[in-house]
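The values are calculated or read from the model by the stated rules, or taken from the named source; none is laboratory data. This one's a predicted model, so the numbers in the text were calculated from it and none came from an experiment. All accessible areas refer to the heavy atoms of the entire protein, side chains included, with ligands and DNA or RNA removed. Shrake-Rupley method; radii C 1.70, N 1.55, O 1.52, S 1.80 Å.
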Amino acid sequence: VTPGIGSWIVLSSALFCIGLVGVMLRRNPLVILLSIEIMLNAVNLTFVAFGRHWGTVDGQVIVTFVMTVAAAEAAVGLALVVALFRHRESLNPDGFTSLKW
Amino acid sequence: MGIVVFYVAGACAIGSAIAVVVQRNPFLAALSLILHLASLAALYLVLQGDFVAVAQLLVYAGAVMIMFLFVIAYLGDRADLDLRRGGIGAGAAAVAGLAIFIESVIAVSGSSDLLKTPAIVSDQFGSPTTIGRLFLTDHLLAFEAISLILLVGAIAGVVLGAGDLLPSGPRTRHGDGPDAQEPGERYDLRREMQRRERDEQEHESEVGA
């Protein structure tokens, strides 16, 4: 017996909002990346829950794709953090405005 | 059984997600995220997503988080920077998050009866066999495209992360000095090694004096 779809949506929207607040609240780029992972996983949870609800496996296939893209995103994001740190000797994102026109 | 796991793992997921956001030490934040991902894997099991649950543990809680922990360890205590947005920024963030959450709760509570009863599925739902067959039939193009994306991501990670070890990467040190590389010059590993050795010797003699 699984809970109804409403419970899953409430749970995943709570997780998404926590990740959103983390992205807006924190200024450490590493923690911002971690919060983005929370948001991605909240969306994954809705995919799996709706797939189970409608009895189709496609939701789980999409979740696997999202995981792969998230892995690539984390690799590029972390490499950017390391490269920016080497340039600036700092992790303060307010210092990373040199791409601004 | 499913209900119990839902509440326990759900509370665990929310608690560890909050810990990620409020934790000052990024290393502990990353460890909290591992707990968060593991409790999500338990929730996937409730939803009969066997393959997704295992992939979540192996790929996410394993590989991706190790990458995060390596970078945090590489940056050391310099990763501890904590500049929260204070005042209006923090309040606005909390209000926006809460507003979206309340909105979705209202939307769910007003939903139709269509959402009340889940479909009846077989035991094979979400098994590796089912998912693997879908990968190689209906979603073959996306499956191949995702491998290209991973390749590009890996190359981008190496190029960005290697810095001045690559001929045209972002150069940080050795950028100026008597024998700095010209922009168009061909990269020469032996020359680079000699230059580094000389720099080190100079540094040592400076320290010794």
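Determine by what factor the alpha-carbon radius of gyration of the range B:97-159 differs from 2.2 N^0.38 Å, reporting the quotient.
Expressed relative to 2.2 N^0.38 Å, the Cα Rg reads 1.85.
Counting each pair of different Cα atoms once, what's the Kirkwood radius of the range B:1-156 in Å, rounded to one decimal?
Every distinct Cα pair counted, the radius reaches 19.1 Å.
Using a Gaussian network model of chain A with C-alpha springs under 10 Å, which one of A:PHE16, A:PHE85, A:PHE50 is most mobile by mean-square fluctuation?
A:PHE85
Suppose a student asked you for the relative contact order of chain A, using Cα pairs under 8 Å spaced at least 6 residues apart; what percent would you report?
26
Mind checking how much accessible area B and A bury in total, 1.4 Å probe, in Å² rounded to 100?
Between B and A, the summed buried area is about 7200 Å².
Could you identify which residue out of A:ALA49, A:ALA79, A:ALA70 has the top mean-square fluctuation in a GNM of chain A using Cα springs shorter than 10 Å?
A:ALA79
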